[in-house]
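For reference, the structure discussed in these notes is given below.
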Amino acid sequence: MAMTTTGAPGRGWLRWLVVAIPYLWLIVLFLAPFLIVLKISFSTTAIAMPPYTPALDLSAGLGALWEQIQEFTFDNYIFLTEDSLYLQSYLSSLKIAAISTFLILLVGYPIAYGMARARREWRPTLLMLVILPFWTSFLIRVYAWIGILKPEGLLNQMLLGLGVISEPLNILPSTLAVYIGIVYSYLPFMILPLYATLEKLDETLLEAAADLGCPPIQAFWKITFPLSIPGVVAGCFLVFIPAVGEFVIPDLLGGSDTLMIGKTLWAEFFSNRDWPVSSAVAVVLLAILVVPIMLFQNAQKKASE
Amino acid sequence: MAGKSLTAGKSLGPVRRAFAPWNDPAAKPFIQFQNVTKTFGDFTAVDDLSLNIYEREFFALLGPSGCGKTTLMRMIAGFEEPTSGHVMLDGQDLVGVPPYRRPTNMMFQSYALFPHMNVWDNIAFGLKQDGMAKADIATRVDEMLALVKLEKFARRKPHQLSGGQKQRVALARSLAKKPKVLLLDEPLGALDKKLREETQFELIDLQVRLGMTFVIVTHDQEEAMTVADRIALMDQGKIVQIATPGEIYEQPNSRYVADFIGDINILEGKVTSTEGGVATLDCIGTGAKVQVTQDGGAKLGDEAWFAIRPEKVSISLTPPEDPSVNAVSGEVWDIGYLGDVSIYHIRLATGATVKSTITNTTRLVSRPITWEDKVWLTWSRDGGVVLTR
């Protein structure tokens, strides 16, 4: 016991090391890159290598550094407000992410509920089946949807074969295909937290509700659902936050009319080679997402109280 | 057992008449099990069981775990349906009626309080479910809170309550709808001994005051003896004996019952005479000759068992007048001091052990009888019973 108490001499540095590792990780792999992006967002485009100025060359000495910093500008952020494309991309991303989150909840809740109510010996297998898609590359799974949704793809062939439709459906590329892709890809992130909450639910609570005169469907809304809200909240944020910045799915499945900020950012960075503006886009996206992240953390804190 | 004095007068009115509808052939049973069998796969939880419970009765289902007592109760609540047979309540067949339409309420062993609702909403849950008017709900909930003395805790969530308080909320919630039958599933199992004993008397008081029918499931024989008007002792899906606490303690019908309820000495023997309502047994293990009053259960030549409670065996350093009947001698082997009583284990010459309890009527300065003393054990003809199974 004495070895682990704070008073133990000679062991203090070990405690610090243990605490410091995650912080170091965050500083090196999150904070530093973010500061670089933030710095670039205050720069001006230049035909140079790197393609912006000032480059903040430390070799020129501190005085030169200060001069360079004085060149910083908010022009890129002002530009974002001037061109309506950016605002539209942000709003469209938030809308697509919100609708997708709702659809994923609608699909994921019954699945998680079914898993939690399945016989105990089946549950590990069902859980495995939910995780199984992760064993294949995300990119390949999205490509597979192209094979399913394209005009001569599996879905159209099946529907034509069954005589449900006479003309192939033009699902690909479209915003609908993006919804299908997002719902499919992010579904496990909804199911897992929901399952974890529902599985813990004490079934005698439902017996107690029935005993007090509550039929099963009402008992779901009065007992099961309210008690699963921490899982619903966790699942929704786990889906919503990455879905806002999603790039691969709208790029592969979306049409030219599918506006998402991830795509806009990519175009700005690689097609226009405008690093400062694309950095500003990224910083604003982060600022937008900080709001739901803080809400999420608040909800987590409340749940654990 | 002391609790029975509280329930003795429950038939109401000025005359202290014993409450015993089960002895009245005209009394209509309130809850009836008719040849009920319940199987789970290969396992028979309840085996062709018939049972009558009467209105205003405090009825205990007692038995070891897995004896089917909980299944029996869950069939009244509607959480289990009998595989065959009928469960009737107040003349109505309950089979096929879902739990949410039954006029019974249950207090769960785990209390099953809704964690997302405060005490007030937990108690109001069943009333809201019935579509009761808001003002009436408020009145009823306040009444229930007063009944269990939790007025100050109405806005607390279950996790902010102690075990005893949770137990009271669960009780209030299950009483709020004025059920025809209140089912109590090991209601006091999670409480410590002192609180449990207090609560037992509160339950008796409550049941008498409300005039309701209570059915309690318990594995604790003392609890069953304290609270119940009648006890059904179960084993392997069958009822072994139904009787009042006094009868089940003093007149067990089998070795199983005698052994389950309280402490007892059981001596194996052979019936050598049954003259004049007195059975005489020659006991094999002890060499003692036992004479015991009986009402005709044991027949001449039967193999039988003489069962006697330790408190009915007297212990003495001097031999009795007639050491040939209802007396054995031995040596003090062990003494268990429990404070109020001491349990003496007497090793007989044959190697068998007989227990005798002595009430410690004075402070223990020195024991008049102590380890390795040669002693005589005696008992009266009315002390024990003769059992044939």
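The values are calculated or read from the model by the stated rules, or taken from the named source; none is laboratory data. Being a predicted model, the structure only gives us computed values, none of them experimental. Backbone-built Cβ (ideal geometry, glycine too); neighbour counts: all protein chains shown. In case anyone asks, the SASA skips ligands and DNA or RNA and just uses the protein heavy atoms, side chains included. Shrake-Rupley method; radii C 1.70, N 1.55, O 1.52, S 1.80 Å.
Listed values, structure above:
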read-out: Matching residues in the stretch B:90-102 - criterion: being of a type in the set (A, V, I, L, M) and away from chain A (no Cβ under 14 Å); value: B:95
read-out: Subset of the stretch B:103-118 [aliphatic (A, V, I, L, M) and more than 7 Å from chain A (Cβ to nearest Cβ)]; value: B:107, B:113, B:117
read-out: Pick from the stretch B:119-147, criterion in contact (Cβ under 8 Å) with a residue 40 or more places away in the chain and within 14 Å of chain A (Cβ to nearest Cβ), ranking: nearest to residue A:211 (Cα to Cα); value: B:126
read-out: The stretch B:220-276 - residue that is of a type in the set (Val, Ile, Thr) and in a loop (DSSP other than H, G, I, E, B) and, of those, farthest from residue B:344 (Cα to Cα); value: B:274
read-out: Failed condition for residue A:236, given (1) open to solvent by less than 50 Å² (accessible area, probe 1.4 Å); (2) hydrophobic (A, V, I, L, M, F, W, C); (3) within 14 Å of chain B (Cβ to nearest Cβ); value: (3)
read-out: Residue match in the stretch A:186-197 (condition: within 14 Å of chain B (Cβ to nearest Cβ) and surrounded by 21 or more Cβ atoms within 10 Å (Cβ to Cβ)); value: yes
read-out: Scan of the stretch A:171-222 for residues that are touching a residue at least 12 places away in the same chain (Cβ under 8 Å) and not in a helix (DSSP H, G or I), ordered by number; value: A:171, A:172, A:173, A:174, A:201
read-out: Where a residue in the stretch B:371-382 is more than 11 Å from residue B:329 (Cβ to Cβ) and open to solvent by 100 Å² or more (accessible area, probe 1.4 Å) and its partner, wherever it lies, is aliphatic (A, V, I, L, M) and in a strand (DSSP E or B), with Cβ under 7 Å and at least six apart; value: B:371/B:332; B:371/B:335; B:372/B:332; B:381/B:278; B:381/B:292
read-out: Hits in the stretch B:176-193 (condition: under 22 Å from the mean Cα position of the chain (by Cα) and closer than 12 Å to residue B:103 by Cα); value: B:180, B:181, B:182, B:183
read-out: Breaking point among (1) in contact with a helix residue (DSSP H, G or I) (Cβ under 8 Å, 6 or more places away or on another chain); (2) at pLDDT below 85; (3) in a loop (DSSP other than H, G, I, E, B), for residue A:246; value: (2)
read-out: Residue in the stretch A:24-45 that is open to solvent by 70 Å² or more (accessible area, probe 1.4 Å), part of a helix (DSSP H, G or I) and over 27 Å from residue A:269 (Cβ atoms) present; value: yes
read-out: Residues located in the stretch A:127-170, provided they are within 12 Å of residue A:252 (Cα to Cα) and in a loop (DSSP other than H, G, I, E, B); value: A:150
read-out: Failed item in (1) closer than 13 Å to residue B:62 by Cα; (2) over 15 Å from the mean Cα position of the chain (by Cα), with residue B:208 passing the rest; value: (1)
read-out: Considering residues of the stretch A:72-102 that are among the aliphatic types (A, V, I, L, M) and over 20 Å from the mean Cα position of the chain (by Cα) only, the residue most open to solvent (accessible area, probe 1.4 Å); value: A:78
read-out: Answer from A:127, A:139 - the residue that is touching a helix residue (DSSP H, G or I) at 6+ places or on another chain (Cβ under 9 Å), surrounded by 15 or more Cβ atoms within 10 Å (Cβ to Cβ) and at pLDDT below 95; value: A:127
read-out: Residue ID - nearest to residue B:388 (Cα to Cα), chosen from residues in the stretch B:230-240 that are more than 8 Å from the chain's Cα centre (by Cα) and open to solvent by 10 Å² or more (accessible area, probe 1.4 Å); value: B:240
read-out: Check on residue B:332, closer than 16 Å to residue B:384 by Cβ, assigned by TED's automatic domain parsing to the domain that holds residue B:377 and either in a loop (DSSP other than H, G, I, E, B) or open to solvent by less than 60 Å² (accessible area, probe 1.4 Å) (or both); value: no
read-out: Qualifying residue in the stretch A:220-227 (condition: more than 14 Å from every other protein chain (Cβ to nearest Cβ) and either surrounded by fewer than 19 Cβ atoms within 10 Å (Cβ to Cβ) or modelled with pLDDT of 95 or more (or both)); value: no
read-out: So residue A:143, is it within 30 Å of residue A:232 (Cβ to Cβ), among the aromatic types (Phe, Trp, Tyr) and within 24 Å of the chain's Cα centre (by Cα); value: no
read-out: Among (1) surrounded by fewer than 20 Cβ atoms within 10 Å (Cβ to Cβ); (2) acidic (Asp, Glu); (3) more than 14 Å from chain B (Cβ to nearest Cβ) - the single one residue A:202 does not satisfy; value: (3)
read-out: Any hit, the stretch B:256-274, residues being among the charged types (D, E, K, R) and under 30 Å from residue B:228 (Cβ atoms); value: yes
